[in-house]
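Okay, so here's the structure we're looking at.
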Amino acid sequence: MIISQAKRLNQTVSTLVSHHYRCIEHSPSKPYHTVRPKRPSTKPRNQQPRRPARKLLLRRPIPFVTQVKQLDDPDEALSLFNEYRQTGFKHDYPSYSALIYKLARSRNFEAVKTLLVQIKDYNLRCRESLFIGLLQHYGKARLPEEAVQLFREMTSFNCVRTLQSFNTLLNVLVDNGRLQDAREMFNCSTEMGFRLNSVSFNVLIKGWLERGEREQACLVFDEMLDREVEPTVVTYNSLIGYWCKNGDMDRAKGLLADMLQKGKRPNAVTYALLMEGLCFLGKFEEAKKLMFDMDYQGCKAQLVNYGVLMSDLGKRGMIEEAKALLHEMKKRRFKPDVVTYNILINYLCKEGRASEAYKLLLEMQVEGCEPNAATYRLMVDGFCQVEEFERGSKVLNAMLVSRHCPRLETVCCLISGLVKCGKADEICLILETLENKKFRFDLESWEMLVRDACSSNNSARDLVTELIDSHK
């Protein structure tokens, strides 16, 4: 018995080690006509008949653009671009923009820069939307300096900069903690030829509030009024959200009253922020009553409002009440979205009720709501928590089939559990699938997995440790 267990353990260890080194080393119907009596003509006989309107010509899809959008691997897209060029195909702006979007999403900015140089050399006229997308990707990649440089060079690409690209860069700077730079750029807007709008002010207000600089945010708000830029519901929501998070409901409600007095209609997000603030203070019933108040003000409740109440119930362990709220939503003909289901799935898994959460996952699919990456991650983590690793493995496989990416921590936890269960075949299947998806473990993760597998076998553990140490 002990010998057979040792064999299975050694088989699993061998599987992990081998995968570690492999990962280090792809005839139409006739139209229906209504018969109407002919009206007498009021036109003079000598008048020329009108020319028939020109038929709109539909643009034919470009083969390269169609193909590149279907590719998941940006390297393959770049290779396809070069293959077309070798056949004599002349790439124009649509080809370049489709490929640049693909490369920017994968953060291959060096290749993006090369393509931009080619665009400039060929003197292709670019749309502003291309650069707005690139600015956003630079922001997500934490490269604000690259975004600033690109904004400065936009005019050299036969592209006119508008307030939209200006506001996009402003938002990139704020999201990357460069508030002072954003403020300097804000002050230079007139010199650049831009007339600031509510979006410009809202970006700065949001940035100061996220940093907790209430006074600075209020100064920007006052400046907004001085320049006669009308505050929007987004402006008020930022300020209301700040006071709600800090527990000052009186000021938050005061802003709501000010909105109504000035004829600004609050939206569902406005009330959701107020409801969150009340729930934070333990005033659930008052938050629920706000649902009726918003209806009285002519603002219909949305999924976000129900989500706030469900989250609060889940945090307090009142899962049955949260499930009842879901049924109430359906009775009122609200169709729950993936976020709504994820709230319940999350708290069910935290309570160790992964089986119930899985039933909810199946229910949402039956009702036509597709799970997202967060749904699958919650479920895999939930099954790992209750040590139902085989069921977690099935969910992970479904996740990979749906082209969603798991977290590294989730995969390591699942494989460690399968190792303890001696499920070497399932581990091999997961590792091979992940390798095909180009999902890579770092060295620390491999060490953790292998050492965990060898925890009950000292000689195997020492051997694997020696192999890993020698490969560093």
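Starting from a Cα-only point model with no solvent, please compute log10 I(q)/I(0) by Debye for the stretch 243-358 at q = 0.21, 0.22, 0.23 1/Å. Summing over Cα pairs of the stretch 243-358 leads to -1.16, -1.24, -1.31. Among the trypsin sites (Lys or Arg not before Pro) within the stretch 236-332, those in coil by DSSP and having at most 12 neighbouring Cβ atoms inside 10 Å are K262, K300, R332. Normalised by the number of residues in the stretch 349-415, the average gap of Cα pairs under 8 Å and 6 or more apart makes the relative contact order 32 percent.
Legend: calculated FRET efficiency, K69 to S355, from the Cβ-Cβ distance at R0 = 51 Å, rounded to 0.05, equals 0.80.
Each Cα pair under 8 Å and six or more residues apart adds its sequence gap; the mean of these over the residue count of the stretch 54-162 is a relative contact order of 22 percent.
Spatial offset of the stretch 316-380 relative to the stretch 227-272 amounts to 31 Å, using the alpha carbon center of each. So the label point goes 7 Å from the Cα of C299 along Cα→C-beta, right? Which residues of the stretch 210-244 then have their backbone N under 18 Å from it? It comes to 231-244, nothing else. Shown is the FRET efficiency for K394 and E228, computed with R0 = 51 Å from the Cβ-Cβ distance and rounded to the nearest 0.05: 0.25. Of the GluC sites (Glu not before Pro) in the stretch 189-297, the ones in a loop by DSSP (not H, G, I, E or B) with at most 14 other beta carbons within 10 Å are E213, E228. Using θ = phi - 60° and the Karplus relation 6.51 cos²θ - 1.76 cosθ + 1.60, list the HN-Hα couplings for the stretch 256-270 in order, rounded to whole Hz, with x at every Gly or Pro. Result, rounded to whole Hz: 4, 5, 5, 4, 5, 5, 8, x, 8, 7, x, 10, 4, 5, 4. Sparse packing (at most 14 other Cβ atoms within 10 Å of the Cβ) combined with a DSSP loop state is found for the following trypsin sites (Lys or Arg not before Pro) in the stretch 344-430: R403, R407. Taking a straight line from the alpha carbon of K350, these aspartates and glutamates sit under 17 Å away, with near neighbours fewer than eight places off in the same chain left out: D312, E320, E321, D381, E387, E388, E409.
Across the stretch 317-381, C-alpha contacts under 8 Å between residues 6 or more apart give a mean separation that, scaled by the residue count, equals a relative contact order of 32 percent.
Within the same chain, lysines fewer than 8 places from K262 are excluded, and of the rest, those with a Cα less than 23 Å from its Cα are K206, K253, K300. One chain, two ends: N372 and T155. Fully extended at 0.36 nm per residue, the span grows by 74.2 nm beyond their Cα-Cα distance. Electrostatic tally near V233: other residues with Cβ closer than 14 Å to its Cβ, Lys and Arg +1, Asp and Glu -1, net +2. Taking a sphere under 13 Å around the Cβ of K330 and counting the other residues whose Cβ falls inside, with K and R at +1 and D and E at -1, yields a net charge of +1. Exposure proxy ranking for L163, L103, based on other Cβ atoms within 10 angstrom of each Cβ and starting from the fewest, stands as L163, L103.
Taking Lys and Arg as +1 and Asp and Glu as -1, the other residues whose beta-carbon sits under 14 Å from that of M291 total -2. Here M275, M364 are placed in order of increasing Cβ neighbour count within 10 Å, fewest first, which gives M364, M275.
Multiply the residue gap between R332 and R142 by 0.36 nm, knock off their C-alpha separation, and tell me the result in nm, one decimal place. Can you show the working numbers first?
Numbers: separation 190, 0.36 × 190 = 68.40 nm, distance 4.32 nm.
Between R332 and R142, full extension yields an extra 64.1 nm.
Each value in this text was obtained by applying a stated rule to the coordinates, not by laboratory testing. These numbers were taken from a predicted model, which means no experiment stands behind them. Here the Cβ is made from the backbone with ideal geometry for all residues, glycine too, and neighbour counts use every protein chain on show.
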